[in-house]
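Heads up: the structure comes next, in structure tokens.
Computed from the coordinates by the stated procedures, all read-outs in this text should not be read as laboratory data. No experiment lies behind these values; they were computed from the predicted model shown. When we count neighbours, we look across all protein chains shown, and the Cβ atoms used for this are built from the backbone with ideal geometry, even at glycine.
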């Protein structure tokens with residue numbers, strides 16, 4: 001225990017002393033909003049610095065570039081990064097989804113080829129799951145991968161590719177056999193993005209920011225070694241990937257993936273916002289709502305510990321991991337909507353308006369919060385998962 005406490009003090013001091021200087025441009029809130037070269041370079045350099053200090057991938061095997069330590073050390077780093085609100089690390093898909101997947105089921109060659117580059121941000125990763133015409137129906141993916149000798153030829157399109165502009169690799173779900181049932185005809189690939197025939201079209205969001213792209217595959221030829229597992233195992237591997245993405249399975253490399261406005265920020269704003277000439281925080285109704293958010297926030301924080309105590313979750317052991325993504329993303333969206341309501345008519349102002357509360361960061365955060373309720377499975381899909389797999393409700 002003393003070792004962990006000493007480490008906590010060490011980490012806290014390191015982040016206080018090494019926090020990067022504030023840039024002269026607006027930083028994104030998460031990896032989904034990285035839309036300029038300046039933003040990307042700033043965040044990539046920051047991730048590399050954290051890794052070189054030994055504070056990223058601490059629980060990953062040392063032989064592949066990790067720290068080889070207990071997960072408790074990485075948990076301390078993650079908590080300190082969140083507490084000090086230092087910038088996030090940009091390679092979220094690599095650190096939290098692709099990397100854990102490769103360590104879990106990848107070949108020895110895969111682990112030695114990809115893991116260190118994920119940790120030091122040399123190799124940025126993106127995800128190719130969603131398609132323009134399929135919505136949340138992931139099993140209906142129509143992007144084709146046709147075997148041709150020692151290659152696969154890709155044709156089709158993926159959308160909402162976060163960090164697509166900067167990614168070196170993509171985790172891709174594609175159909176290798178259209179004659180098989182839809183769950184059985186899919187395969188999973190680790191795709192080099194700098195391949196002729198792969199084209200990217202940036203997507204401008206409601207906030208005016210970029211960060212997503214649509215990815216087009218036009219006779220893009222990738223090595224057959226890009227296949228992960230066997231042909232036809234794509235659905236199974238994709239579902240495993242989503243357990244990492246949604247936080248239902250551990251093994252992520254660490255580092256915060258967003259710098260979010262939280263409950264403490266809302267409380268501070270409520271002290272200055274006015275209701276009937278008095279601080280909004282003094283309004284009983286406002287205080288009641290804040291307490292409700294505080295209870296929910298604390299409950300979410302304790303869920304991980306609760307999930308590890310069988311007596312507390314024996315009746316529905318999967319409830320916490322399977323509901324995590326739904327609970328957290330919807331909580332944040334509602335909290336930010338409440339924050340805007342405290343601003344009254346001033347909530348209509350936007351980033352760049354000198355009179356906007358906090359420079360318009362609340363409005364921007366609220367609009368961006370919807371991306372988390374869509375990416376990784378929409379809230380509606382997540383509710384279906386909880387209903388079917390936790391509560392045992394019928395699909396119809």
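Figures for the structure shown
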{"read-out": "Global geometry of region 240-297, whether rounded, prolate or oblate, following the gyration tensor of its Cα atoms and the 1.5 cut on a/c", "value": "prolate"}
{"read-out": "Peptide ranges 49-56, 154-161, 198-205, 308-315 listed from the most packed, as the mean C-beta count within 10 angstrom indicates", "value": "154-161, 49-56, 198-205, 308-315"}
{"read-out": "C-alpha long axis of helix 361-374 to longest principal axis of the chain, angle in °", "value": "40"}
{"read-out": "Shape category assigned to region 78-157 from the gyration tensor of Cα positions, a/c cut at 1.5", "value": "oblate"}
{"read-out": "Of 363, 252, 380, the one that fluctuates the most in a GNM where the chain has Cα springs shorter than 10 Å", "value": "380"}
{"read-out": "C-alpha long axis of helix 108-119 to longest principal axis of the chain, angle in °", "value": "30"}
{"read-out": "Quotient of Cα Rg and 2.2 N^0.38 Å for region 2-120, N being how many residues it contains", "value": "1.09"}
{"read-out": "Between 0 and 90°, nearest 10: helix 319-341 axis offset from the chain longest Cα axis", "value": "50"}
{"read-out": "Choice from 222, 118, 105 with maximal GNM fluctuation in the chain (Cα, 10 Å cutoff)", "value": "105"}
{"read-out": "Rg over Rh [alpha-carbon atoms, Kirkwood Rh] for the chain", "value": "0.97"}
{"read-out": "For region 263-390: relative contact order, % (alpha-carbon pairs under 8 angstrom, 6 or more apart)", "value": "22"}
{"read-out": "Residue of 121, 345, 98 that the Gaussian network model of the chain assigns the largest fluctuation, springs spanning Cα pairs under 10 Å", "value": "345"}
{"read-out": "Per-selection metrics, region 263-390 (Cα): Rg and Dmax in Å", "value": "17.3, 53"}
{"read-out": "Peptides ranked, highest mean first, by Cβ atoms within 10 Å: ranges 335-342, 285-292", "value": "335-342, 285-292"}
{"read-out": "Relative contact order [Cα under 8 Å, 6+ residues apart], the chain, whole percent", "value": "14"}
{"read-out": "Helical mean residue ellipticity (222 nm; -39500 (n - 2.57) per DSSP H run of 4+; nearest 500) of the chain", "value": "-13000 deg cm²/dmol"}
